[in-house]
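Worksheet for the structure shown next.
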């Protein structure tokens, strides 16, 4: 059984952005039901049926085929084997979609396809009748609303991004109000707040505040379940947990291992751990004391070629290979999707072990990954591993090892660099500064 979070509300109330971020935080799949109505309307316009009688549109429905798939934590689709892209958000589609969506047969057609999406897992579905008609038994229901003036401003900014300076703000407002009137007045599945839904007024709230409210309500409910580790070919949960306990005992016995700041590590939801890298002992020192969830690591693909056992073990514990000799786009996309689906990934931004115990310069690539992932970043500093097992050492010395976790670097912290051509390097530098600040000796840089 899959869980559904239904988020309804009028146009430009913040549903799309909020729903996407809630899905990212909880590891659910995001579904924009309005995009399906707009795509259908776009196809109808292409087929020269704009303004046609409802009967003609209903007869046309069997010729429309939508293929769904998950990409970057959200439902994507092709309609008649074509990706309409941003064209579905044009003003032409906006002016026609209400009339198309008001047709009962169209709503039944879209509703049937929305219900079929439960095969993709737990969903956050946004729309206008999700909690009332499509998923009336949804585990969680929310209704977002905002002042019409504020919603009109939001829609105008959205249209400007698509059409530049060609948009008329008064016309955008009139179109939005016409859409409101149609949604409220239609006889089939009119816009309404579902029984038992939580209403959130978003006029004066930041997106992050709305998301935090919803996520808090969902996580505090006994119905909510924590996202499980992703099962990949060869992944063995027992191997991971056995290895973690084994290495934890080793660290306790030989290195008087301790951790500080574990309360900063989220119990669930997508996040990225970033740590200094001084020794081969760093990965186990970072993850061994995190009991409540699986930690994935990126590792150089040569690790998987050292021996049959090493390859089996790396795959069994969920290590992800990356080719560092070139831009491994496939691996980067995979890691971004991993954290967007609610998992924890650990990275060492320096890329290689330090030779002198101090932090090394970091490249912009880590900033790019962090920006694209859009999840909290937890800085960590591992102390003592350089003294215990530095680069080129043959033996491990019994030195004390301590791991410090700091407060998260949030997507909002990174958003201050939006539009800056150097933003990826600045995000990377911000993260490294947070890591350095955790060094108890204050000499890492």
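Counting only DSSP beta bridges whose two residues both lie in the chain, roughly 25 percent are antiparallel.
Return an integer: the convex hull volume of the alpha-carbon atoms of region 237-437, in Å³ per residue. Could the numbers behind the result be given before it?
Working: hull volume 24.3 nm³, N = 201.
Cα convex hull per residue, to the nearest whole number: 121 Å³.
Considering helices alone, the calculated mean residue ellipticity of the chain at 222 nm is -12500 deg cm²/dmol, with DSSP H runs of length four and up weighted by -39500 (n - 2.57) and normalised per residue.
Between residue 185 and residue 333, what FRET efficiency comes out of the Förster formula 1/(1 + (r/R0)^6) with R0 = 51 Å and r the beta carbon distance, rounded to 0.05?
Numbers: r = 44 Å, r/R0 = 0.86.
Calculated transfer efficiency: 0.70.
Among 425-431, 182-188, the peptide with the highest mean count of other Cβ atoms within 10 Å heads the list, and the full ranking is 425-431, 182-188. Residues of region 38-57 with amide nitrogen under 13 Å from the 7 Å Cα-to-Cβ point of residue 116? Correct set: none at all. Multiplying the residue separation of residue 91 and residue 416 by 0.36 nm and subtracting their alpha-carbon distance yields 114.0 nm. Distance from the Cα centroid of region 395-429 to that of region 165-195 is 43 Å (rounded to whole angstrom).
For Rg and Dmax of the Cα atoms in Å, several values are listed as [x] 39.8, 165; [y] 24.9, 81; [z] 23.1, 76; flag the one computed from this structure. Evaluating Rg and Dmax of the Cα atoms in Å on these atoms matches [y]. Neighbour counts of other Cβ atoms within 10 Å put 176, 26 in the fewest-to-most order 176, 26. Look at 410, 132 and count the other Cβ atoms within 10 Å of each Cβ; fewest to most, that gives 410, 132.
The slack in the chain from residue 241 to residue 16, taken as 0.36 nm per residue of separation less the alpha-carbon distance, amounts to 77.2 nm. Between region 316-377 and region 92-113, what is the separation of their alpha carbon centroids in Å? Distance between centres, Cα-based: 42 Å. For region 6-108, the Kirkwood estimate of the hydrodynamic radius, built from every pair of different alpha carbons, is 14.5 Å.
Bear in mind these aren't lab numbers, they're just calculated from the coordinates by the rules spelled out. Note that the coordinates shown come from a computational prediction; the quantities given were computed from them, not determined experimentally. We place every Cβ from the backbone using ideal geometry, glycine too, and count neighbours over all the protein chains shown.
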